[in-house]
Amino acid sequence: MTDKDPREAVNSYITDMLALEQHISKALEGQVQDLKDYPEVTGEIRQALGAIGGHITTLEMLAKARGGEGGGGAIKKVGSALLGLGAAAVDLVRNEGMPKNLRDDYTAFSLATIGYVMLHTTALSLGDRETGDIARRHLSDYAGFVMSFNNIIPSATIRFLQEEGLPVRQDVLAEVNE
């Protein structure tokens, strides 16, 4: 027998993902107004925010249904603190311009993607199909966000460089997108 509780192991991943989703949402919300002159970018950000809002609601309900913090409160607090430091570090970098903000978003999406891979794996391997299915759906959303941002970052970067007064060649965009 083991003294480890499978339910608590899954709960710790749920609360970590909830904290990460909340940090990502906050960062993206701050960008919507800052990037109002880039409708193609803000459209993608708004779409991501809509899905992330749904993720947060789902994870909050799931955590509550599973008994809230329970014995994993310390794990959640440590995980949230680490995620908060990471988000704060990203926010400090965000004054460097729109392309770097999008790079940071892409990085946050990648972190969420692997977090959901881990939650999906943990839940299924410990017999929690419901949580595994939720993680798979959220993972699918983040995979889409990563691909979407991969497609908009090159043109947004070229536009930003032009606005900075640099002599960019727009003809390279097709090559970059290839």
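The values are calculated or read from the model by the stated rules, or taken from the named source; none is laboratory data. What you see is a predicted model; the values in this text were computed from it and never measured. Methodologically, a virtual Cβ is constructed for each residue, glycine included, from the backbone with ideal geometry; neighbour enumeration extends over all protein chains shown. Areas reflect the complete protein model, heavy atoms only, side chains present, ligands, DNA and RNA absent. Shrake-Rupley method; radii C 1.70, N 1.55, O 1.52, S 1.80 Å.
Worth a mention:
- The residue that is nearest to Met98 (Cα to Cα), counting only those in region 1-31 that are at pLDDT 85 or above and among the β-branched types (Val, Ile, Thr), is Ile24.
Residues checked against (1) free of Cβ contacts under 8 Å to residues at least 60 places away in the same chain; (2) of a type in the set (Phe, Trp, Tyr); (3) touching a Pro at 6+ places or on another chain (Cβ under 6 Å); (4) open to solvent by 90 Å² or more (accessible area, probe 1.4 Å):
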| residue | (1), (2), (3), (4) |
| --- | --- |
| Ser125 | yes, no, no, no |
| Arg129 | yes, no, no, yes |
| Gly144 | yes, no, no, no |
| Phe149 | no, yes, no, no |
| Val168 | yes, no, no, no |
| Ala174 | yes, no, no, no |
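- Test: residue in region 42-60 that is surrounded by 13 or more Cβ atoms within 10 Å (Cβ to Cβ), at pLDDT below 85 and not aromatic (Phe, Trp, Tyr): no
- Any hit, region 5-18, residues being in a helix (DSSP H, G or I), within 29 Å of Ala156 (Cα to Cα) and open to solvent by 20 Å² or more (accessible area, probe 1.4 Å): no
- In region 19-43, the residue that is farthest from Ser125 (Cα to Cα) out of those that are part of a helix (DSSP H, G or I) and of a type in the set (Ser, Thr, Tyr) is Thr42.
- Taken together, the residues in region 29-40 that are closer than 21 Å to Ile158 by Cα and either within 16 Å of the chain's Cα centre (by Cα) or open to solvent by 40 Å² or more (accessible area, probe 1.4 Å) (or both) amount to 8.
- So Gly97, is it modelled with pLDDT under 95 and at positive phi: yes
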